[in-house]
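Readers should treat all values here as calculations from the given coordinates under stated rules, not as data from a laboratory. Being a predicted model, the structure only gives us computed values, none of them experimental. Positions of Cβ are backbone-derived with ideal geometry, glycine not excepted, and every protein chain shown enters the neighbour counts.
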Amino acid sequence: MPENPVALIVLAAGQGSRMQSDLPKVLHRLAGVPLVAHALAAGRSLEPERVVVVTGHGAALVEKALAKLDAEAQTALQAEQLGTGHAVAQALPLLSGFRGRAVVLYGDTPFITAETLLALAEHPADVAVLGFEAADPGRYGRLVTGPEGLERIVEFKDADGGDAGHPPVQFLALSPPMRRCWPIWSGSWAMTMRRANTI
């Protein structure tokens, strides 16, 4: 369990068009349960004080499933899918008054261990981002780093020649303190975000 309070935000609004299915991406099953159930179970290992699941595509179906999977989780609707930053912003009103660390997970990423999430939640950086290096990068996005650390997160389709040359790592989760979430995601910075999830 982390030393400081944790709020869990699970992003579950995506359509999952690559799956060629009308079923919301997070409801596809793995080992007999929806993908989002794995994300929630991993996040629950942190004993979060609050859990918010951001829904969008197929919100009614996702919320029905959540009622069975985690009745204490609250939901926030992302009516338009405008990227990760915008999705997180939809969760903030439900975290009003919370003082601690937010851990943001993708609802379709099932294999993050409790140990990894604990290390993420307790990382001393203002914002910690989790990713991995892929032997076969395929069409993964890029975490573009520089001398002072992470500079930007770029989707593969939006990467230019310079970005594409960076190690192929996929953004899996992030952990900012809530005192930074409010001015970043509820302020003018969020309005500058593009659909490409870059600023």
Notebook entry, point to check: In segment 10-113, which chymotrypsin sites (Phe, Trp or Tyr not before Pro) are in a loop and have at most 16 other Cβ atoms within 10 Å, using DSSP for the loop call?
Noted result: Phe111
Check: aspartates and glutamates within cross-link reach of Lys25: Cα-Cα under 14 Å, excluding same-chain residues under 8 positions apart?
Finding: Glu63, Asp108
Next item on the list: Report the trypsin sites (Lys or Arg not before Pro) located in segment 1-110 that are in a DSSP loop and have at most 15 other Cβ atoms inside 10 Å of their Cβ, or state none.
Entry: Arg99
